[in-house]
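Here is the structure we will look at, set down as structure tokens.
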Amino acid sequence: MRYFFYFFYLCLILSCSQCTNTPKKNNPEEQATQVEPEYLYHLNIDSLHIISDNVQNGESVGEILNTHNISFSAIDKVARLSRKLFDLRDVKAGGNYTLLFPDSTLSRPLYFIYEINKVDFLVAKLTDTIDVYLDKKKLTIKEKTGSGIINSSLWYAMEESNLSAKLVNILADEIYPWTIDFFRLNTGDRFKVIYDAKYVDGEFIGVGKVHGAVFQTNGDDYYAIAFNEVGGFEDYFDENGNNLRKFFLKAPVSFTRISSRFTNKRKHPVTGRWKGHFGTDFAAPIGTPIYSTADGTVIEASYTRYNGYYVKIRHNSTYTTQYLHMDKSTKKLWSKKGIKKGKKVRQGVDIIGYVGRTGQATGPHVCYRFWKSGKQVDPFKTSLPPSTPVKKEKKEEFEQAKNIWIDKLNAISYPESDINQDSIQVISMY
Ligand SMILES: [Zn+2]
């Protein structure tokens, strides 16, 4: 079997477009009269003493509290009260915790705080009346801009933690999956993006909303402007107000490659017999989530010797799709998420299975089958339902928003190929 690899290196420059000015507190008059109270985890710590540490391998919260003279009955109460909020048995080795003491002897703390993640934390108040609650750190959002260029055709693995990789994921999976074929990018294709960066305590923790983007491929500019068409539900629209979201996604899995296309005649990889391949195979690692390519209703979620674990979805009276060779771990997902006949699934949102090699499959892939009016067809060679434009009554509002974002996008410059190394993050795409 032949595999084609479409691999690209990508450079991304990220810059702060709207630097937030933090007011400096160095007015001497003010300082003389009033000292600002200091807070940690939203607690006034002016008169408190702090120990911050990481949970050691195999260490329990009980042990931590006990070594700081908290009685077993108090520890038991903390454990019971916290169970509904966050089970303290789930603390991770390396997780941050803080103890706040009333005096410098550090003999018995007043508070125990555990950071569940970068935003959420649990506070246990260890005074006479023990109390446990959850709280959140303050999230700061800054609008930023970025641009990228695809400048090589070599593969390398996705790094999920990489900021630029995350942004490209959003572009490929959420904004442009209907518009741009990410299997066929060219060297020199480039993009610009305006997005929200999220910070906690000054530390970058992730990419938030993407407000607008422009992707240039094959000499064409594809604009994407975030716009709230219906209350609470946001989509991306092009400069003419056409929704970028189409009826069908191009692929049921992201960051993958097509290993076998739809054909009327091919040699079967297992049986060796010549027959048609009435599907498109997307090769992807075992366990990769599979999504329905359009909103629809599950009509089959089952197993056969040839298909392995598979799902069939009816989208409307014209279109039906099917996804084959799912991993056996899919069974657990089906029972957990109720994926069975009659279940409604949303395009690109609900996971319907995981890539596997069950049934008659040589390697891990999902075989994607597509029916139009009862006939199996190649979705890549079939005209599919068009997108719907911004509604008339929203058109003026859209025009205003669009002009703002397009002006901002046009003000961003594309990266040069000889750009200063410090400002480049090389990330991967296929
Ligand atoms: Zn196939």
Residue span Ser107 to His68: 0.36 nm per residue of separation minus Cα-Cα distance leaves a gain in nm of 13.4 nm
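If you put +1 on each Lys and Arg Cβ and -1 on each Asp and Glu Cβ, how big is the dipole of the stretch 67-111 around its Cα centre, in Debye rounded to 20?
Values: 7 positive and 4 negative charges, 40 e Å.
That gives a dipole near 200 debye.
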Taking a label point 7 Å from the Cα of Lys336 along Cα-to-Cβ, the residues of the stretch 345-380 whose backbone nitrogen sits under 15 Å from it are 350-355
Spelling it out for Ile45: with amide H atoms placed in the peptide plane at 1.01 Å from N, the residues 5 or more places away or on another chain with amide H under 5 Å from its amide H are Glu38, Tyr39, Leu40
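Pulled fully out, how much extra length does the chain show between Glu36 and Ala411, if you take 0.36 nm times their separation in residues and subtract their Cα-Cα distance?
Full extension from Glu36 to Ala411 adds 131.0 nm.
Pulled fully out, how much extra length does the chain show between Lys142 and Asp90, if you take 0.36 nm times their separation in residues and subtract their Cα-Cα distance? Mind dumping the intermediate values first?
Working: separation 52, 0.36 × 52 = 18.72 nm, distance 3.23 nm.
Contour length minus Cα-Cα distance gives 15.5 nm.
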With the stretch 224-360 reduced to its Cα atoms and the Debye formula applied, log10 I(q)/I(0) at q = 0.13, 0.14, 0.21 1/Å amounts to -0.63, -0.72, -1.30
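What order, most packed first, do the peptides 34-40, 367-373, 353-359 have when packing is the mean number of other Cβ atoms within 10 Å of each residue? Let's see the in-between values first.
Values: 34-40: 9.9, 367-373: 18.4, 353-359: 22.0.
Descending packing order for the listed peptides: 353-359, 367-373, 34-40.
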Rounded to the nearest Å, the spacing of the alpha-carbon centers of the stretch 353-417 and the stretch 184-220 is 17
In Å, the C-alpha Rg and Dmax of the stretch 177-293 are 18.9, 62
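Can you give the FRET efficiency for Val270 and Ile299, using 1/(1 + (r/R0)^6), R0 = 25 Å, r = Cβ-Cβ distance, to the nearest 0.05? Before the final figure, lay out each step's value.
Numbers: r = 26 Å, r/R0 = 1.06.
Computed FRET efficiency for Val270 and Ile299: 0.40.
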So, with points 7 Å from each Cα along the Cβ direction, the Asn403-Asn242 label distance in nm works out to 2.3
In nm, the gap between the two label points placed 7 Å beyond Cα toward Cβ at Val349 and Glu234 is 1.5
Sequence order, the stretch 399-411: Karplus ³J(HN,Hα) from phi using 6.51 cos²θ - 1.76 cosθ + 1.60, θ = phi - 60°, Hz rounded, Gly and Pro as x, gives 4, 5, 4, 4, 4, 4, 6, 5, 4, 5, 5, 5, 7
Here, Asp221 and Lys391, labelled 7 Å along Cα→Cβ, have an inter-label distance in nm of 3.0
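For the stretch 62-143, rounded, prolate or oblate, judged on the Cα gyration tensor with a ≥ b ≥ c (square roots of eigenvalues), a/c < 1.5 rounded, else prolate if a/b > b/c?
On the way: a/c = 1.93, a/b = 1.51, b/c = 1.28.
Judged from the Cα gyration tensor, the stretch 62-143 comes out prolate (a/c at least 1.5, a/b above b/c).
Between Asp201 and Thr127, what is the FRET efficiency for a Förster distance of 45 Å, r being their Cβ-Cβ separation, to the nearest 0.05? Let's see the in-between values first.
Working: r = 26 Å, r/R0 = 0.59.
Efficiency, rounded to the nearest 0.05: 0.95.
Values in this text are rule-based calculations from the coordinates and carry no lab data. Note that the coordinates shown come from a computational prediction; the quantities given were computed from them, not determined experimentally. Note that we place each Cβ from the backbone using ideal geometry, even for glycine, and neighbour counts take in every protein chain shown.
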